[in-house]
1. Find how many whole Å separate the alpha carbon centroid of the range 221-287 from the alpha carbon centroid of the range 415-456.
2. Can you check what the Kirkwood hydrodynamic radius comes to for the range 81-175, Cα pairs only, in Å to one decimal?
3. Compute and list, largest first, the equivalent-ellipsoid semi-axes of the range 139-295 from the alpha carbon gyration tensor, each √(5λ) rounded to a whole angstrom.
4. Sorted by mean Cβ packing within 10 Å, highest first, what order do the peptides 229-238, 107-116 take?
5. For LYS3 paired with LEU369, estimate the spin-label separation in nm (one decimal), with each label point 7 Å from Cα along the Cα-to-Cβ line.
6. Over all Cα pairs of the range 209-329, how is the pair count split among 10 Å bins, expressed in % and running from 0 up to the last occupied bin?
7. Going highest first, how would you order 360-367, 405-412 by mean Cβ packing within 10 Å?
8. Mind ordering 312-320, 177-185, 381-389 by average Cβ neighbours within 10 Å, highest first?
Amino acid sequence: MTKKPNILFILSDDQGAWAMHCAGTPELATPNLDRIAQNGIRFDSFFCASPVCSPARASLLTGTIPSAHGVHDWLRSGNVDKAQMDRLGIKNPYGGYADEDKPIQYLKGQATYTDLLAESGYACALSGKWHLGDSFTPQHGFSRWYTIGKGGCFYYHPDIIENGQIEVKHGQYVTELITDRAIDFIDELSGGEAPFYLSVHYTAPHSPWGADHHPKKWIDYYENCAFDSIPDIPDHPDMTTGPVYGTPARKENLRGYFAAISAMDEQIGRLLDHLEQKKLLNDTIVIFTADNGMSMGHHGIWGKGNGTFPQNMYDTAVKVPFLISWPGHFPKGAVCQQMASAYDLFPTLIDLLGLPSRACERLPGKSFLPCLTGEASADSDIVVFDEYGPVRMIRSREYKYIHRYPYGYNEFYDLKNDPGEEHNLINDPASQQAILDMRRRMEKWFTAYVNPDLDGTKEEVSGLGQLCSAGIYAEKPLRYARED
């Protein structure tokens, strides 16, 4: 029997689809991301499931919507055992463990594609951010486990967990540490009979973006950059951070953000070079994507979906990079213009690897394998969906409709005439039929896939983090209320 291909799955944190040189940001040095694109396929309309990290990551793994898996916001608690941290005297410089109580495996009992891969004989390893609860315990098919305590860390003071132990690595750059361990995993796993699946989850380019958090080489590289491709416009009135416009913060934020991406790109180059040196590149599917998008001044916002309150669904927040290569199997240097979503990754991998498809029967996504083999033409009827608690979105090529259930305002954009989403047509008389059609289609879709016990429209999601399990499984109020 022919050995199945290895899979290297690289996930960045808070990276917009725009934030690559090959995606049209000329100032940004990403030669290794460009290298993956040149050797494979770049999707120019790939969308996350939710514009914030933990729900987006949970949807990537499970193929289900947040209102089915129950992770509705970034996980503020349930990552570690607070009593254990206190006994060990471990402090997370990025914000400590004050909100932690007991570990929660938020996806316990749910099927992930890594479960299926492990059951099918893959050796699965994780190097990098987990942020789906109980960071000390390997879960969902992963037999190798190297992660951080919570969802973020200071880049030069990461709290690293491995083999049930935690240690703060003072003075060591987390992007390099994640890469070092990933290379070790490649060496360890490539010698066996089984194919390997390796998840490399960087914390980059998530904040902090201060000059002391990233290599001087890259901070200096962007020191005199004007960042002309990035909008320099007044702060959005709903922005939750700031003020930024007209202050030195714009340059500092962009310099750090770009430096984080270029430093990560450099480490991705190490991974690709190592695969090449070990003659594994032709036998390995390489995937690069991000958990969610990011606005870095776009629309006057500095953040993702929770960069505003109520949460936003601008394309800069919901569109993410997606690159995939497999030499000899996929086209080189191709750009796929068909819309696709994080929901589609699970069924695509199952389809690509020829694994039993029963697990995909009730999933909302569809395999985009025909796009990878050049057998598909652009489908104008494809729509994508996003949710962030009580905020939901439906987007086609022509239109975008955003509905905020208990509060806030709704939005409707004619993307054909207004691709920058600058003119909200929600009250436009000529748009009312299109709005009605989009809302009906959206509500029908969510009704089909929602778990009523975990429905995000019934949760008071504010963007300040999730404290425990959702819905009827909650042991205490799910989220902090937003302070005035």
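The values are calculated or read from the model by the stated rules, or taken from the named source; none is laboratory data. Being a predicted model, the structure only gives us computed values, none of them experimental. A quick note on method: Cβ atoms are made from the backbone with ideal geometry, for glycine too, and the neighbour counts reach across all protein chains shown. Heavy atoms of the whole protein, side chains included, go into the accessibility calculation; ligands, DNA and RNA do not. Shrake-Rupley method; radii C 1.70, N 1.55, O 1.52, S 1.80 Å.
1. Cα centroid of the range 415-456 versus Cα centroid of the range 221-287: 31 Å apart.
2. One decimal place: 14.0 Å for the Kirkwood radius.
3. With the √(5λ) rule applied to the range 139-295, the semi-axes are 33, 18, 15 Å.
4. 107-116, 229-238
5. 2.2 nm
6. Reading the bins upward from 0: 12, 33, 31, 17, 6, 0.
7. 360-367, 405-412
8. Sorting 312-320, 177-185, 381-389 by mean packing, highest first, produces 312-320, 381-389, 177-185.
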